[in-house]
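For reference, the structure is listed below as structure tokens.
The values are calculated or read from the model by the stated rules, or taken from the named source; none is laboratory data. Predicted model, so just to flag it, every value in this text is computed and none were measured. A quick note on method: Cβ atoms are made from the backbone with ideal geometry, for glycine too, and the neighbour counts reach across all protein chains shown. In case anyone asks, the SASA skips ligands and DNA or RNA and just uses the protein heavy atoms, side chains included. Shrake-Rupley method; radii C 1.70, N 1.55, O 1.52, S 1.80 Å.
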Amino acid sequence: MVPLTSYLALGAILFCVGLYGVLTKRNLVIVLVSIELMLNAVNINLVAFSSIGPAANVTGQVFTLFTITVAAAEAAVGLAILIALFRNRGTVDSLRQNLMKW
């Protein structure tokens with residue numbers, strides 16, 4: 001049996017890699033992929049915590065399914081927005097996207 005600390009370490013590493021990608025990359029596709037990494041790190045922790053304790057149950061797994069559903073919807077909407085931005089601007093560089101600025 002794999003100890004809980006291994007799952008937590010894997011989740012922390014994935015979350016840190018995702019956070020690094022969100023904070024440092026300018027390509028919006030890479031930012032979306034990094035957000036997915038962060039959500040998967042949360043999913044690993046939810047499943048790991050739901051399997052421990054005297055009353056282990058499936059609550060964490062149900063929350064994980066909900067998170068996966070939200071992540072899929074976020075990816076679909078995000079990619080649609082990126083395609084629209086690329087068609088109108090010709091780039092997916094986050095520094096050149098200033099549509100919301102006054």
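Checking the stated criteria, residue 22 turns out to be open to solvent by 40 Å² or more (accessible area, probe 1.4 Å), over 27 Å from residue 1 (Cβ atoms), in contact with a Ser or Thr (Cβ under 6 Å, 6 or more places away or on another chain) and among the aliphatic types (A, V, I, L, M). When the criteria are applied in full, residue 42 fails the requirement of being part of a loop (DSSP other than H, G, I, E, B), open to solvent by 50 Å² or more (accessible area, probe 1.4 Å) and of a type in the set (Val, Ile, Thr).
Of the residues screened, residue 48 is one that is of a type in the set (A, V, I, L, M), more than 17 Å from the chain's Cα centre (by Cα), at pLDDT 90 or above and part of a helix (DSSP H, G or I).
Listed residues 44, 35, 13; which is touching a Ser or Thr at 6+ places or on another chain (Cβ under 9 Å) and of a type in the set (Val, Ile, Thr)? Walk me through it before giving the result.
Details: 35 fails: touching a Ser or Thr at 6+ places or on another chain (Cβ under 9 Å); 13 fails: touching a Ser or Thr at 6+ places or on another chain (Cβ under 9 Å).
Exactly one residue qualifies, and that residue is 44.
Scanning the range 25-35 for residues that are free of Cβ contacts under 8 Å to residues at least 60 places away in the same chain and open to solvent by less than 50 Å² (accessible area, probe 1.4 Å), we see that the one that is farthest from residue 5 (Cα to Cα) is 32. A single member of 17, 77 is modelled with pLDDT of 90 or more and out of contact with any helix residue (DSSP H, G or I) (no Cβ under 7 Å at 6 or more places or on another chain), and it is 77. As a summary of the residue check, residue 39 satisfies the conditions (1) within 21 Å of residue 23 (Cα to Cα); (2) modelled with pLDDT under 90; (3) out of contact with any Leu (no Cβ under 6 Å at 6 or more places or on another chain); (4) not small (Gly, Ala, Ser) except for the one numbered (2).
Provide a single number: the residues in the range 82-102 that are open to solvent by 60 Å² or more (accessible area, probe 1.4 Å) and closer than 26 Å to residue 16 by Cβ. Walk me through it before giving the result.
Of the residues in the range 82-102, the ones open to solvent by 60 Å² or more (accessible area, probe 1.4 Å) are 83, 86-89, 95-96, 98-102.
Next cut, closer than 26 Å to residue 16 by Cβ only: 95.
Total satisfying the criteria: 1.
Checked against (1) without any contact (Cβ under 8 Å) to a residue 40 or more places away in the chain; (2) under 30 Å from residue 5 (Cα atoms), residue 83 meets all criteria but (2).
Looking only at the range 51-64, how many residues end up being surrounded by 13 or more Cβ atoms within 10 Å (Cβ to Cβ) and assigned to a helix (DSSP H, G or I)? Steps first, please.
Of the residues in the range 51-64, the ones surrounded by 13 or more Cβ atoms within 10 Å (Cβ to Cβ) are 51, 60-61, 63-64.
In the following step, the residues that additionally are assigned to a helix (DSSP H, G or I) were identified as 60-61, 63-64.
Counting residues in the range 51-64 that are surrounded by 13 or more Cβ atoms within 10 Å (Cβ to Cβ) and assigned to a helix (DSSP H, G or I) gives 4.
Among the criteria (1) open to solvent by 70 Å² or more (accessible area, probe 1.4 Å); (2) touching a residue at least 40 places away in the same chain (Cβ under 8 Å), the one residue 16 does not fulfil is (2).
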